[in-house]
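This report concerns only the one structure given below.
The values are calculated or read from the model by the stated rules, or taken from the named source; none is laboratory data. Worth saying up front: this structure is predicted, and the values here are computed from it rather than measured. Glycine gets a Cβ as well: all are built from the backbone with ideal geometry, and neighbour counts include every protein chain shown.
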Amino acid sequence: MKIRRYNLGEEQALWSLLYETVHQVNGKDYSPAQLDAWAPSQIDLATWKERLSQTNPFVAEENSALIGFAELEENGHIDCFYCAHDWQGNGVGTALLQAIEHEAAKRGLSRLFAEASITAKSFFEKHGFSVEAEQSVLLRGEHFTNFVVSKNI
């Protein structure tokens, strides 16, 4: 497995990975309506491309297949942390998190934080994050429960 930065032209593949992961993995914790609000089948690819160009996410790749990606913002916020549904439990998330922690250390950040889904909460806890709060957020008309998690590094 190789961890690298996003390349222009991977927008559709990364959206497909996000969509499939949300709909295949998070269904045990969220309703179909919530999944559709979280990861709609149709997106504005230009807006998504602009976001990826700005966030320059880390991408996990195996044999030329994109199997995960994660964003680290300047303030230590981890966003869009997704591992392909058929690669769950194979170290992809751990490798992405290690890349994020290494980058955060290079930037002199002392804290990482994220809004973890019900599904992802245990992953973050396993990697030393603490739950700060449970929250309800509204996205495209649907309410979601998630958790603010953080880790001092």
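Entry remark, the stretch 94-153: residues being within 22 Å of THR55 (Cβ to Cβ), among the hydrophobic types (A, V, I, L, M, F, W, C) and in a strand (DSSP E or B) number 10 in total. The residue of the stretch 94-130 that is surrounded by the fewest Cβ atoms within 10 Å (Cβ to Cβ), among those that are touching a residue at least 40 places away in the same chain (Cβ under 8 Å) and within 23 Å of SER31 (Cα to Cα), is ILE118. Of the residues examined, ASN7 is not one that is within 21 Å of GLN135 (Cβ to Cβ) and exposed (fewer than 15 other Cβ atoms within 10 Å of the Cβ).
When LYS28 is tested against (1) under 14 Å from the mean Cα position of the chain (by Cα); (2) in contact (Cβ under 8 Å) with a residue 40 or more places away in the chain, just one condition goes unmet, and that condition is (1). Kindly list, by first and then second residue, each pair from a residue in the stretch 131-146 that is free of Cβ contacts under 8 Å to residues at least 60 places away in the same chain and surrounded by 10 or more Cβ atoms within 10 Å (Cβ to Cβ) to a residue that is outside any loop (DSSP other than H, G, I, E, B) and among the basic types (Lys, Arg), limited to pairs with Cβ atoms under 9 Å and residues at least 6 apart or on different chains. Partner pairs satisfying both residue conditions: VAL131/LYS121; ASN146/LYS121. In the stretch 72-80, the condition of being of a type in the set (D, E, K, R), part of a strand (DSSP E or B) and under 13 Å from the mean Cα position of the chain (by Cα) is met by at least one residue. For the stretch 41-52, the condition holds for at least one residue, the condition being that it is more than 21 Å from PHE113 (Cβ to Cβ), of a type in the set (Phe, Trp, Tyr) and under 16 Å from the mean Cα position of the chain (by Cα).
Of the residues screened, GLN12 is one that is part of a helix (DSSP H, G or I), exposed (fewer than 13 other Cβ atoms within 10 Å of the Cβ) and polar (S, T, N, Q).
Candidates are the residues of the stretch 70-81 that are touching a strand residue (DSSP E or B) at 6+ places or on another chain (Cβ under 8 Å) and touching a residue at least 24 places away in the same chain (Cβ under 8 Å); the one that is surrounded by the most Cβ atoms within 10 Å (Cβ to Cβ) is LEU72.
Restricting LEU96, LEU17, LEU35, LEU45 to residues that are more than 15 Å from ALA120 (Cα to Cα) and at pLDDT 95 or above narrows the list to LEU17. Taken over the stretch 36-69, residues that are in a helix (DSSP H, G or I) and either of a type in the set (D, E, K, R) or surrounded by 15 or more Cβ atoms within 10 Å (Cβ to Cβ) (or both) amount to 9. Exactly one residue out of GLY27, GLY91 is at positive phi and exposed (fewer than 15 other Cβ atoms within 10 Å of the Cβ): that is GLY91.
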